[in-house]
Amino acid sequence: MYKTLSPGALGIRGLSLADSIALAKQCGFAGLDFNIVEAAEMGAGAASALFADAGIKYGAWGMTVRWQSDEWRDDLAELPRYAAVAAEMGATRSSTWCPPSSATRPFAENFDWHLERFGAIAEVLNEQGIRFGIEFIGPQSLRPSDQHDFIYNMEGMLELAAAIGTGNVGLLLDAWHLYTSGGAVDDLDKISNADIVNVHVNDAPKGLTMATYNDHDRRLPTETGVLPLEGFMKKLIALGYDGPVTPEPFSKTVNAIEDPGEAARLTADYMDRLWEVAGLA
């Protein structure tokens, strides 16, 4: 596995692909999560050359289909072009997230709704050998009592992946969401490396209950010690996980840093600590 930068997760906006790659290299990240649309605009050869010249690996690219929109089929029609570019580059991991509740659709109806949309996306990606990670969202605060609960844990997301049935769908596994869903590190004993497309890491504020975690108020990995990140990482090692590990702290402290280099370096310091506690340093 390798430390991967996602500028947007640190509140860094407006960087080009070239600048993002340079920032990752400068701050000691081995990989970069990136925008496949920008890569397609410059061409697969030119985009992959930027990564290769800097010695930066591909992380995951964000799903281009706005699958929650009524216009999702228009985006789906464009997906084969982006998937082909990604395949030519060798960037074979894409991911998205799945809301844990619905104001309008009961569980069974919502399952079929997601099955149709995620299934169509997965089929296109599968034609190009692209894996598709879907993130379950754990916090109880996003499952209010006046809405219908949907998938919010690892087991539920794996059931949806199996129902899609294309063989290329797995988890965007986030340590925060595993914890806030009520899951445990030992739950990872139930899965294999093949079930994980990409990984997010972070930490949580101290002194909160499961009912009061706010999805947009997290901490840098190892910052507080609330999340059992040492055990989480050691389970990934035992699974032979070989993909990107991206910090997603949603931290007001990090977001307030105006200099992208400073924000990325601070985050890299905490990722170095994570690697140390996991025995990867």
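Any read-out appearing in this document is the output of simple, stated calculations on the displayed coordinates, not a laboratory observation. Everything numeric here is computed off the predicted structure, so don't read it as measured data. Please note: Cβ atoms are built from the backbone with ideal geometry, for glycine as well, and neighbour counts cover all protein chains shown.
Tabulated data for the structure shown
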| quantity | calculated |
| --- | --- |
| Average silhouette area of segment 182-248, convex hull of alpha-carbon atoms, in square nanometres | 4.6 |
| Exposure proxy order (Cβ contacts within 10 Å, fewest to most) of Glu135, Glu155 | Glu155, Glu135 |
| Long-range amide H partners of Glu135 with built H, under 5 Å | Thr96, Trp97, Cys98, Leu172 |
| Exposure proxy ranking, count of Cβ atoms within 10 Å, fewest first, for Lys25, Lys3 | Lys25, Lys3 |
| Helical mean residue ellipticity (222 nm; -39500 (n - 2.57) per DSSP H run of 4+; nearest 500) of the chain | -13000 deg cm²/dmol |
| Karplus (6.51, -1.76, 1.60) ³J(HN,Hα), θ = phi - 60°, over segment 212-223, in Hz, Gly and Pro reported as x | 10, 5, 9, 4, 9, 10, 10, 9, 5, x, 6, 5 |
| Built amide H within the under 5 Å cut-off of Phe34, gap 5+ | Gly59, Ala60, Trp61, Gly62 |
| Per DSSP, loop trypsin sites (Lys or Arg not before Pro) in segment 185-281 with at most 11 further Cβ within 10 Å | Lys206 |
| Distant-in-sequence amide H partners of Arg143 (H built 1.01 Å from N, under 5 Å) | none |
| Cα gyration tensor shape for segment 2-256, rounded if a/c is under 1.5, else prolate or oblate | oblate |
| Trypsin sites (Lys or Arg not before Pro) restricted to DSSP loop in segment 56-116 with at most 13 other C-beta within 10 Å | Arg66 |
| Karplus-derived 3J(HN,Hα), 6.51/-1.76/1.60, for each residue of segment 90-95, Hz, glycine and proline x | x, 8, 9, 10, 10, 8 |
| Over the chain, relative contact order from alpha-carbon pairs under 8 Å, at least 6 apart, % | 20 |
| Those GluC sites (Glu not before Pro) in segment 45-106 that DSSP places in a loop and that have at most 15 other beta carbons within 10 Å | Glu71 |
| Sequence-distant lysines (8 or more away, or on other chains) whose Cα lies within less than 16 Å of Lys57 | Lys3, Lys25 |
| Karplus 3J(HN,Hα) series, Hz, for segment 119-132 with 6.51 cos²θ - 1.76 cosθ + 1.60 (x for Gly, Pro) | x, 5, 5, 4, 5, 5, 5, 4, 4, 10, x, 9, 8, 10 |
